[in-house]
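Data first, discussion second: the structure below is written as structure tokens.
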Amino acid sequence: MNKTLIILVGPKGSGKTYIGTLLEKRLRIPFFRVEKVWLQLKEEKLYLSHLKKGYQNVNKEIDIQFTKSKKLIIESTGTYDFELFLNDLQKKYLN
């Protein structure tokens, strides 16, 4: 499975969305704004189950995006268990 996932990591306000938008326009690689997944869960309390559900939803959306394109850009603040998130992505997409 030849897929390319570019992850822009940095604190809130560091320019991830700006850079992702530029890359999307210039390189024509879809940019998935992960924040929209978290905003959909905003009504729930910030418990561990909420965080797990958020990452599950992000993973599902990445899968959907990869059905449309072989390349994808996402953004992340690297919070919660970012290393676990990366490990899950590597298991799924690295051969």
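The values are calculated or read from the model by the stated rules, or taken from the named source; none is laboratory data. Quantities reported herein were computed from a predicted structural model and do not represent experimental measurements. Because the Cβ atoms are built from the backbone with ideal geometry, glycine has one as well, and the counts that use them run over all protein chains shown. What goes into the accessible areas is simple: the full protein's heavy atoms, side chains included, and nothing from ligands, DNA or RNA. Shrake-Rupley method; radii C 1.70, N 1.55, O 1.52, S 1.80 Å.
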Checking V58 against (1) open to solvent by 40 Å² or more (accessible area, probe 1.4 Å); (2) touching a helix residue (DSSP H, G or I) at 6+ places or on another chain (Cβ under 9 Å): exactly one of these is not met. Which one? (1)
Step by step: first the residues of region 5-34, then only those that are loosely packed, with under 13 Cβ neighbours inside 10 Å and of a type in the set (D, E, K, R), then the one that is nearest to G78 (Cα to Cα). Which residue is that? K12
Residue ID - modelled with the lowest pLDDT, chosen from residues in region 49-85 that are in a helix (DSSP H, G or I) and in contact with a strand residue (DSSP E or B) (Cβ under 8 Å, 6 or more places away or on another chain): F82
